[in-house]
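Each reported figure results from applying straightforward, stated rules to the coordinates on display, with no laboratory input. Everything numeric here is computed off the predicted structure, so don't read it as measured data. Positions of Cβ are generated from backbone atoms using ideal geometry, with glycine treated the same way; all protein chains shown enter the neighbour counts.
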Amino acid sequence: MADSKQPTCRLYLVTPPKIEAASFADILAIALDAGDVGCVQLRLKDISKDDIARAAEILAPIAQSRDVAFLMNDYPDLAFATGCDGVHVGQEDASYDDARRIVGADAIVGVTCHDSRHLAMEAAEAGADYVAFGAFFATQTKNASGNAHPDILAAWSEMVTVPAVAIGGITPQNCAPLVQAGADFLAVVSAVWDHPKGPGAAVQEFNAAIAAAAG
């Protein structure tokens, strides 16, 4: 992740909401070794912050040793304490200003903006390193608060240099319009971890689909 737009669209892997970190470590390594990945976000639900911290301590080095940014979802304090590269915050989580104060000037702070250019502009003007738009397609991973259209990516990429992450039901089969509209990253969950041939095959398929869409 960088503060200027990446030359091509890249994968942004979000962990399943429930994992056993020690066994998931090997799965994550397989995914990251299969092809280009720009970022991994640790997004765990319905477990204690202590357990989330332990998961970060196990998984962050796997990503960071491969020069892949490792972000914490929701908790800037845990991101800082466990040596993550940054944090992703939603509209109902810590504010951007609070997150930045906690993780520091050099860390990555990304912000969920649903399908709102207004929220995205506020985040970008505050200093966010990326904004996330979605959901673009139906998803079972979470209750989506937005119903985004590729047009929002096209307008954003023409106006603003802050990278845009697309999220929500994205697969290798449906990602082309998002790539062509200007998404800098595709955030994916089940399409990678639940792929019938495994996460390595999924990463390869996504990278091939991105390359084909980018021409």
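Could you quote the convex hull projected area for region 51-105, Cα atoms only and averaged over all directions, in nm²? Let's see the in-between values first.
Working: hull surface 14.6 nm².
The Cα convex hull of region 51-105, projected and averaged over all directions, gives 3.6 nm².
Could you compute the FRET efficiency for Gln173 and Gln91, with r as their C-beta to C-beta distance and R0 at 35 Å, rounded to 0.05? All intermediate terms of the calculation are to be shown ahead of the outcome.
Details: r = 29 Å, r/R0 = 0.84.
Rounded to the nearest 0.05, the efficiency is 0.75.
Multiply the residue gap between Glu158 and Ala81 by 0.36 nm, knock off their C-alpha separation, and tell me the result in nm, one decimal place.
Full extension from Glu158 to Ala81 adds 24.1 nm.
State the Kirkwood hydrodynamic radius of region 10-214 in Å, one decimal place, computed from all pairs of distinct Cα atoms.
Evaluated over region 10-214, this radius sits at 16.8 Å.
For the chain, what relative contact order do you get, as a whole percent, if you take Cα pairs closer than 8 Å and at least 6 residues apart?
Working: 439 pairs, mean separation 48.2, N = 215.
Relative contact order for the chain comes out at 22 percent.
Note down the magnitude of the dipole of the chain about its Cα centre, charges +1 on Lys and Arg C-beta and -1 on Asp and Glu C-beta and zero elsewhere, to the nearest 20 debye.
Working: 13 positive and 27 negative charges, 82 e Å.
The dipole of the chain has a size of about 400 debye.
Can you count the Lys pairs in the chain whose Cα atoms are under 24 Å apart, with each pair 8 or more apart or on different chains?
For the chain, qualifying lysine pairs total 7.
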